[in-house]
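Working notes, beginning with the structure itself.
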Amino acid sequence: MQIMQANQHLPQQVKIVEVGPRDGLQNEPGIIDAETKIALVNRLSLAGFHNIEAAAFVSPKWVPQMATSNAVMQGITRQPGVVYSALVPNMQGLETALQAKIDEVVIFAAASEAFSQKNINCSIAESIQRFQQVAQTAKQQGLRLRGSISCAFVCPYQGVVPPQSVIEVVQRMRDLGCDEIDIADTIGAATPRQVQTVMQAAAQEFPIAQLSGHFHDTYGQALANIYASLEVGIAIFHASVAGLGGCPYAKGATGNVATEDVLYMMQGLGIETGIDLNAVVDAGLFISQHLGRPSMSRAGNALASKRMS
Ligand code: HMG
Ligand code: MG
């Protein structure tokens, strides 16, 4: 009863976007074959996610691991109702992404100038300009459009990012017609109060139901940041199976928060996700075994060892 009362102000239901196949694998040094990625996406599709970020149609010179994106999208078994998303940096990427029949185009800009230059080789303003045609074409093709804002809290090159810089990018992404906007802690350095401040400021400019939290877990703050986001009404979160990941242009940044950990917390809070935690634990074991190292998910490892006892 006490738990129920404590949860009354939190969302009853959340959407978890699984980003492991893209954000999770993009930074892996050894090339992972398309078959393994396809098997991972298929496992995740069956686990009940409504949205899986499966690919990135970026330059293979910049992110070689994503060069298999077309083969991955062609090879997966699509489950009805699942939205398969991919990052698209420019019209060249969009052309391939359309052939690969993605459901959602993800454009990505930064709230920090320095990170924008390192990640996509142009200023924030130039990136928004470049995305105009991508956004317009995606919409004309009837696709969903999501905007991801990197370094919304801390930048590895510039330090703490002022909320006003985030707001400006939120406004620009809103004006491009984004259906959803991600507020991302690229280097996993944000803390809960800072997260609430930025989320609340973003919600002044864009419907809170369409804002998401994308937290990396470098400093071990991601679950706390998710809880802090729930407290201010955010109900979409990104997570990566087995805690895979890192951004090639954010040195030292580790993976996204582990999906298994997020699902375990949501279960405990009585918040509905529609996802089968056990199936995600299996997917985490599958990919960790393939990569030859233990899963980074604390809950995943605990649940797996409980099975064996
Ligand atoms: P550039 O070098 O300035 O672009 O890169 P360019 O137009 O001069 O092209 C250079 C070469 O790349 C050319 O090939 C193009 O054809 C090719 P060449 O003529 O030299 O043989 N090229 C492409 N090939 C395939 N697909 C394409 C494409 N575009 C160009 N789409 C560019 C500019 C934006 C392309 C590059 O900087 C890039 O691809 N950056 C992507 C970086 C990236 O993927 N970063 C990680 C994802 S973001 C992230 O992880 C953050 C997130 O998780 C949220 C968070 O945590 O913050 C989303
Ligand atoms: Mg990320």
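Determine whether the stretch 26-42 contains at least one residue that is under 29 Å from L211 (Cβ atoms), among the basic types (K, R) and without any contact (Cβ under 8 Å) to a residue 40 or more places away in the chain. Yes, the conditions are met somewhere in the stretch 26-42. Considering the stretch 95-126, and only residues there that are surrounded by 24 or more Cβ atoms within 10 Å (Cβ to Cβ) and more than 16 Å from ligand 2 (Cβ to nearest atom), the residue that is farthest from the chain's Cα centre (by Cα) turns out to be A97.
Listed here are the residues, each with its yes/no results for (1) crowded, with 23+ Cβ neighbours inside 10 Å; (2) among the charged types (D, E, K, R); (3) free of Cβ contacts under 8 Å to residues at least 12 places away in the same chain; (4) in a loop (DSSP other than H, G, I, E, B).
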position: A54; (1), (2), (3), (4): yes, no, no, no
position: K61; (1), (2), (3), (4): no, yes, yes, yes
position: T68; (1), (2), (3), (4): no, no, no, no
position: Q79; (1), (2), (3), (4): no, no, no, yes
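Can you work out which of the residues in the stretch 154-185 that are within 12 Å of ligand 1 (Cβ to nearest atom) and part of a loop (DSSP other than H, G, I, E, B) is surrounded by the most Cβ atoms within 10 Å (Cβ to Cβ)? The qualifying residue surrounded by the most Cβ atoms within 10 Å (Cβ to Cβ) is V161. For the stretch 5-39, a tally of residues being modelled with pLDDT of 95 or more, more than 16 Å from the chain's Cα centre (by Cα), not β-branched (V, I, T) and not in a loop (DSSP other than H, G, I, E, B) returns 5. Taking the stretch 212-250 on its own, how many of its residues are among the β-branched types (V, I, T), assigned to a loop (DSSP other than H, G, I, E, B) and more than 14 Å from ligand 1 (Cβ to nearest atom)? Number of matching residues: 2.
Figure legend. Inter-residue proximity from the stretch 116-136: first residues touching a residue at least 60 places away in the same chain (Cβ under 8 Å), second residues of a type in the set (A, V, I, L, M) and buried (at least 17 other Cβ atoms within 10 Å of the Cβ), beta-carbon distance below 9 Å, spacing 6+ or different chains. Indicated pairs: K118/A110; K118/A250; N119/A110; N119/A250. Based on what the data block shows, is I107 within 29 Å of D185 (Cβ to Cβ), in contact (Cβ under 8 Å) with a residue 60 or more places away in the chain, among the β-branched types (V, I, T) and within 14 Å of ligand 1 (Cβ to nearest atom)? Yes; evaluated as a whole, the condition is true for this residue. The one condition from (1) in contact (Cβ under 8 Å) with a residue 24 or more places away in the chain; (2) under 30 Å from K61 (Cβ atoms); (3) more than 16 Å from ligand 2 (Cβ to nearest atom) that P156 does not meet is (3). Here R146 meets the list (1) in a strand (DSSP E or B); (2) surrounded by fewer than 22 Cβ atoms within 10 Å (Cβ to Cβ); (3) not polar (S, T, N, Q) almost entirely, failing just condition (2). Condition first: among the β-branched types (V, I, T) and surrounded by 19 or more Cβ atoms within 10 Å (Cβ to Cβ). Can you find one or more residues in the stretch 278-286 that meet it? The answer is yes; a qualifying residue exists.
G188 meets the stated requirement of being closer than 25 Å to E18 by Cβ, buried (at least 20 other Cβ atoms within 10 Å of the Cβ) and not aromatic (F, W, Y).
Look at the stretch 174-196: where a residue is of a type in the set (D, E) and a partner is away from ligand 1 (no atom under 11 Å from the Cβ) and outside any loop (DSSP other than H, G, I, E, B), sitting 6+ places away or on another chain with Cβ atoms under 6 Å, you get D179/R144; D179/L145; E180/Q210.
Would you confirm whether any residue within the stretch 227-241 is among the small types (G, A, S) and under 19 Å from P294 (Cβ atoms)? There is at least one residue in the stretch 227-241 that is among the small types (G, A, S) and under 19 Å from P294 (Cβ atoms).
The values are calculated or read from the model by the stated rules, or taken from the named source; none is laboratory data. Note that this is a predicted model, so its numbers are computed, not measured. As a convention, Cβ positions derive from the backbone with ideal geometry for all residues, glycine included, and neighbour counts pool all protein chains shown.
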